[in-house]
Amino acid sequence: MAHPDRFLLAGVMGWPVMHSRSPMLHNYWFKKHELAGTYVPLAIRPEGLAAALRALHPLGFAGCNLTIPHKEQAMTLVDEVDALAKAIGAISCVVVRPDGSLSGTNNDCYGFIHAIKQEQPGWRADSGPIVVIGAGGGSRAVCCGLAQEGAREIKLVNRTLDRAQAIARGFGGPIRALPWDERHEALEGAAMVVNTTSCGMVGQPALDINLDKLPKNALAADIIYIPLETPFLAAAHKRGNRTVNGLGMLLNQGRPAWKAWFGIEPEVTAELRAMIERTI
Ligand code: ATR
């Protein structure tokens with residue numbers, strides 16, 4: 001909870017971490033809410049993660065976010081992992097409880113769904129088949145969110161079929177794993193397609209997919225935000241599809257973190273988005 005007599009602290013642990021836009025995002029909210037506090041990048045090597053997490057309480061941190069490569073390892077280091085983080089297999093947010101114990105959750109799923117809802121009002125997960133490309137941690141959060149929202153059919157395509165099958169087995173329900181060479185055909189009749197692979201990220205090859213079969217009224221989303229428009233989104237946009245990039249997911253996953261750390265649910269405003277876009 002916010003205390004006028006206390007300097008509020010939170011941060012993001014990663015290795016590397018200096019590229020993270022999270023400090024800019026959270027420090028905007030401190031300013032907006034006129035709170036004395038700060039959010040810092042914490043460059044923590046994997047071998048130092050346990051000690052760093054244990055230091056949160058004595059240092060007076062309300063909690064922290066976790067980014068690459070700590071999201072999975074942290075599962076074994078905190079005192080309690082909630083059901084959602086267990087289902088996703090990764091922790092994105094740690095909350096220090098009053099007794100100093102650490103609880104882990106995952107807000108990536110919330111971030112993805114709320115970004116879509118914010119940017120595409122009227123969107124529904126059950127309006128038609130959804131194709132999810134990729135089967136890493138990002139995909140697990142996206143699949144979990146879509147399934148929770150009532151998606152009836154999720155076609156999960158991944159270069160390594162085993163990983164897609166593992167997610168389909170784990171979540172069950174609407175998720176069906178498909179081999180990589182079926183990715184172009186899988187788009188036929190889809191209401192939505194989401195790229196969760198690293199393809200299209202700065203320094204990575206573009207996603208190799210032919211969008212010819214994608215209906216023109218389908219929504220194309222990417223969880224990448226650097227660049228803001230990946231080649232996949234650019235191709236979708238060019239043929240007339242609506243698109244959503246990954247920035248909204250980053251911005252929105254910060255909201256439940258703030259709620260848990262400081263008791264305030266901050267807003268993702270156009271001003272905030274524009275401020276971060278200018279740095280990309
Ligand atoms: P994250 O946890 O951030 O999602 P990850 O676990 O490394 O990252 O997953 C990256 C995803 O991008 C995986 O689905 C990966 O496919 P594999 O499971 O076959 O490795 C996918 N990916 C990375 N490079 C790719 C490429 N050149 N072509 C197709 N898929 C690729």
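Side notes on the structure shown:
- Among the residues of region 233-256, those that are in contact with a helix residue (DSSP H, G or I) (Cβ under 8 Å, 6 or more places away or on another chain) and hydrophobic (A, V, I, L, M, F, W, C) comprise VAL244, LEU247, MET249, LEU250, LEU251.
- Residues in region 4-33 that are surrounded by fewer than 19 Cβ atoms within 10 Å (Cβ to Cβ) and closer than 20 Å to GLY100 by Cα: ASP5, ARG6, PHE7, LEU9.
- The residue list GLU229, GLU185 contains one member that is away from the ligand (no atom under 14 Å from the Cβ), out of contact with any Phe, Trp or Tyr (no Cβ under 7 Å at 6 or more places or on another chain) and over 15 Å from ASN241 (Cβ atoms), which is GLU185.
- Residue under evaluation PRO179, criteria (1) buried (at least 16 other Cβ atoms within 10 Å of the Cβ); (2) within 12 Å of the ligand (Cβ to nearest atom), criterion not met: (1)
- Check on ASP212, within 15 Å of the ligand (Cβ to nearest atom), over 21 Å from the mean Cα position of the chain (by Cα) and more than 11 Å from PHE232 (Cβ to Cβ): no
- Look at (1) touching a residue at least 24 places away in the same chain (Cβ under 8 Å); (2) surrounded by fewer than 19 Cβ atoms within 10 Å (Cβ to Cβ); (3) under 14 Å from ALA257 (Cβ atoms) and you find that PRO46 fails only one, number (3).
- Among residues that are away from the ligand (no atom under 16 Å from the Cβ), closer than 22 Å to TYR110 by Cβ and within 17 Å of the chain's Cα centre (by Cα), ARG273 is included.
- Residue, nearest to the ligand (Cβ to nearest atom), within region 120-137, restricted to residues that are over 15 Å from ALA166 (Cβ atoms) and crowded, with 20+ Cβ neighbours inside 10 Å: ILE133
- Candidate set: region 194-219, residues that are closer than 16 Å to SER139 by Cβ and in contact with a Lys or Arg (Cβ under 8 Å, 6 or more places away or on another chain); chosen: the one surrounded by the fewest Cβ atoms within 10 Å (Cβ to Cβ): ILE209
- Of all residues in region 102-119, those satisfying the criterion of being crowded, with 21+ Cβ neighbours inside 10 Å and either in a strand (DSSP E or B) or touching a His at 6+ places or on another chain (Cβ under 8 Å) (or both) are LEU102, GLY104, THR105.
- ALA36, sole failed condition from (1) over 17 Å from GLU265 (Cα atoms); (2) at pLDDT 95 or above; (3) exposed (fewer than 14 other Cβ atoms within 10 Å of the Cβ); (4) not acidic (Asp, Glu): (1)
- Being more than 17 Å from THR243 (Cα to Cα), away from the ligand (no atom under 13 Å from the Cβ), surrounded by fewer than 23 Cβ atoms within 10 Å (Cβ to Cβ) and touching a residue at least 24 places away in the same chain (Cβ under 8 Å) holds for only one residue in ALA74, ALA87, and it is ALA87.
- Every pair of residues 6+ apart whose Cβ atoms lie under 7 Å, when the first sits in region 177-203 and is within 20 Å of HIS19 (Cβ to Cβ) while the second is hydrophobic (A, V, I, L, M, F, W, C) and surrounded by fewer than 15 Cβ atoms within 10 Å (Cβ to Cβ): CYS199/ALA206; GLY200/ALA206
- Inclusion of ILE68 among residues that are of a type in the set (Val, Ile, Thr), part of a loop (DSSP other than H, G, I, E, B) and within 17 Å of the chain's Cα centre (by Cα) is warranted.
- Of all residues in region 14-51, those satisfying the criterion of being out of contact with any strand residue (DSSP E or B) (no Cβ under 6 Å at 6 or more places or on another chain) and part of a helix (DSSP H, G or I) are MET24, LEU25, TYR28, TRP29, LYS31, LYS32, PRO46, GLU47, GLY48, LEU49, ALA50, ALA51.
- A search for C-beta distances below 9 Å between a residue of region 146-166 that is within 14 Å of the ligand (Cβ to nearest atom) and any residue that is among the polar types (S, T, N, Q) and part of a helix (DSSP H, G or I), counting only pairs 6+ apart in sequence or on different chains, returns LEU156/SER139; LEU156/GLN165; ASN158/SER139; ASN158/GLN165; ARG163/SER139; ALA164/SER139.
The values are calculated or read from the model by the stated rules, or taken from the named source; none is laboratory data. Quick caveat: nothing in here was measured; it's all calculated off a predicted structure. Methodologically, a virtual Cβ is constructed for each residue, glycine included, from the backbone with ideal geometry; neighbour enumeration extends over all protein chains shown.
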